[in-house]
1. Determine the pairs where a residue that is more than 27 Å from Asn323 (Cβ to Cβ), located within segment 385-411, has a partner that is charged (D, E, K, R) and open to solvent by less than 30 Å² (accessible area, probe 1.4 Å) with Cβ atoms under 6 Å apart, the partner being 6 or more residues away or on another chain.
2. Checking the structure you have, find out if any residue of segment 219-227 is within 24 Å of Glu237 (Cα to Cα), of a type outside the set (Asp, Glu) and over 31 Å from the mean Cα position of the chain (by Cα).
3. Could you run through segment 402-427 and say how many residues are modelled with pLDDT of 90 or more, more than 32 Å from the chain's Cα centre (by Cα) and open to solvent by 40 Å² or more (accessible area, probe 1.4 Å)?
4. Would you pick out the residues in segment 366-382 that are in a helix (DSSP H, G or I) and of a type outside the set (A, V, I, L, M)?
5. When you look at Ile410, is it closer than 22 Å to Leu335 by Cβ and touching a Leu at 6+ places or on another chain (Cβ under 8 Å), yes or no?
6. Which residues, taken from segment 221-246, are acidic (Asp, Glu) and open to solvent by 70 Å² or more (accessible area, probe 1.4 Å)?
7. Starting from residues that are under 10 Å from Lys376 (Cα atoms) and modelled with pLDDT of 65 or more, keep the ones in segment 297-316 and report whichever is least open to solvent (accessible area, probe 1.4 Å).
8. Among the residues that make up segment 161-181, is at least one of them out of contact with any Phe, Trp or Tyr (no Cβ under 9 Å at 6 or more places or on another chain), part of a strand (DSSP E or B) and open to solvent by 10 Å² or more (accessible area, probe 1.4 Å)?
Amino acid sequence: MAEIRLTRVEQGQTKIRNVPIAVTPEGFWCCPSPVVFQKTLKPSSPPPPPPKTTAQRKQTPLSEKKLAFTPSRSGSINDGQRAFGPEAPDAPTVSASLVPERVPRPKVENLPRKVAIEFGEPGTSDMKVVLLGKQGFCVKLSVHKNVLVEHSNFFADKLSEQQSGSSCLEIEECDDVEIYVETVGLMYCKDMRQRLMKQSVSRVLRILKIAELLAFNSCMQSCLEYLEAVPWVGDEEEEKVVSSVLRLQSEGIGVTPVLKRVSSDISKPPKDTLSHIIELVLASNEERGRREMKSVVLKLLKENNSASSSTGSADVCHETLYNSCRNCLNLLLSLFKQATEPVCADKPVDNKEPVVKQIALASDNLSWLLEILADKQAADEFGVMWASQQELASLHTKLPIVSRYHVSCITARLFVGIGRGELLPSKDTRQLLLQTWLQPLINDYNWLQHGCRSFDRKVVEEGIGRTILTLPLEDQQSILLSWLGSFLKAGDSCPNLQRAFEVWWRRTFVRPYVEGQGSSLQSDSSMTS
């Protein structure tokens, strides 16, 4: 039966790091939470000073004795503190009332800076491994050559290089002494997988790192089996696992099962997968599910904007989105034609409801696709497509506002995008967009304010005004004078573009930038012609 013998080797000025140790029937194991042992020894209230008894006087020379732990008990190395198993031969007999009492904290000069650990049956080890950690901390392991050589190619190579009479191996600059000791202890463990099940992902990654240094292949394989099966919590933990596993690819270790969780061997192009996802979302008739998934897909595509490194993948995404836009536009035009047919116009309102719902759904889908394209700074072509929908705009006035106002939301979003610089259509496209869709938007404006929850009047008005001010001054004048007539008749039922009107006024009457240079401009234009 495996046993660990712990010896206080030397005293010095350096305070040792806590190394929690437990003994199992199969061998050595480091406890994951040493704090648990410390809390069990803390009383709920400060106890009175312990009386000087014979039992306490007998405890004094125990600091110089060899402490033996049997497999049925567990102990923890703490600052000047030991936990004893009842079977320990040198353990004193202490009454139950003294167990919870606080042990006086020893002075720093009485703390050991070296710890000795013996693996296997007492007295059977045939070599020493000395681990030199930080701050002078040292752990001396009493181990067995055959166990180390059998499990670790690193130890096998080191021992083959040493002289035949040497029985001590020193490991310098050991950063993670506790895990190093634990990994060596796993060489004495019959069922590593069962032991790893009790550990956290972060601790197993530390063990995996030491196992890699020791070329402890069976331990590495057990760690990988654990990582393949255990859930990873959060993106940070996933990144740590993947980076650690990728490092092992060159070692010839089977890392594929773990990596299959984050990569696929399926040769299906990403374009087909993205297209299928978008089609599923656009075709959904369930309002809540469609709304939530649109939000999720939009968020994920925004995250991809910064992560996308290849222009080819961006082109694939844009092509997929514009294919969906064209399909939605064709459907929307077909629905408008259907809704304005004389046969449909004479039908009762209840019979028109399916068409109205489909118009609302198609318009909402177009608004969602426009939002994605604007965020990806790829909505210029959408502006051209929408500005060219003269037939749809002509049918717009023939439908009741309750059926058509969703289309005006698309126009409003385009003006907002141009005003923010999210898309930069040409001058001709901007002129055509205002010419085709500004008046239908004005006609629906009162309904949009009161019947559309997501409509932001100030933002839309700022977008319309900024779009108008990007045009030549003559076009600004034509559009704003037409708007002025509508505003003076409708008031709040019309977009308030007075800011844009003021800018145009100042450009025209207050500070003309080319005043006195009209003749030169005319000469330039004549030369060009």
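The values are calculated or read from the model by the stated rules, or taken from the named source; none is laboratory data. All values derive from a computational prediction rather than experimental measurement. For neighbour counting, all protein chains shown are included, and Cβ atoms are generated from backbone atoms with ideal geometry for every residue, glycine included. Areas reflect the complete protein model, heavy atoms only, side chains present, ligands, DNA and RNA absent. Shrake-Rupley method; radii C 1.70, N 1.55, O 1.52, S 1.80 Å.
1. Sorted first by the residue in segment 385-411, then by its partner, the pairs are Ile401/Asp444.
2. Looking for residues that are within 24 Å of Glu237 (Cα to Cα), of a type outside the set (Asp, Glu) and over 31 Å from the mean Cα position of the chain (by Cα), one finds none in segment 219-227, hence no.
3. Selection size over segment 402-427: 4.
4. Ser367, Trp368, Glu371, Asp375, Asp380, Glu381, Phe382
5. Working: closer than 22 Å to Leu335 by Cβ: yes; touching a Leu at 6+ places or on another chain (Cβ under 8 Å): yes.
When the stated conditions are applied, Ile410 passes them.
6. Glu225, Glu228, Asp235, Glu236, Glu238, Glu239
7. Result: Leu301.
8. Yes, there is a match, as at least one residue in segment 161-181 is out of contact with any Phe, Trp or Tyr (no Cβ under 9 Å at 6 or more places or on another chain), part of a strand (DSSP E or B) and open to solvent by 10 Å² or more (accessible area, probe 1.4 Å).
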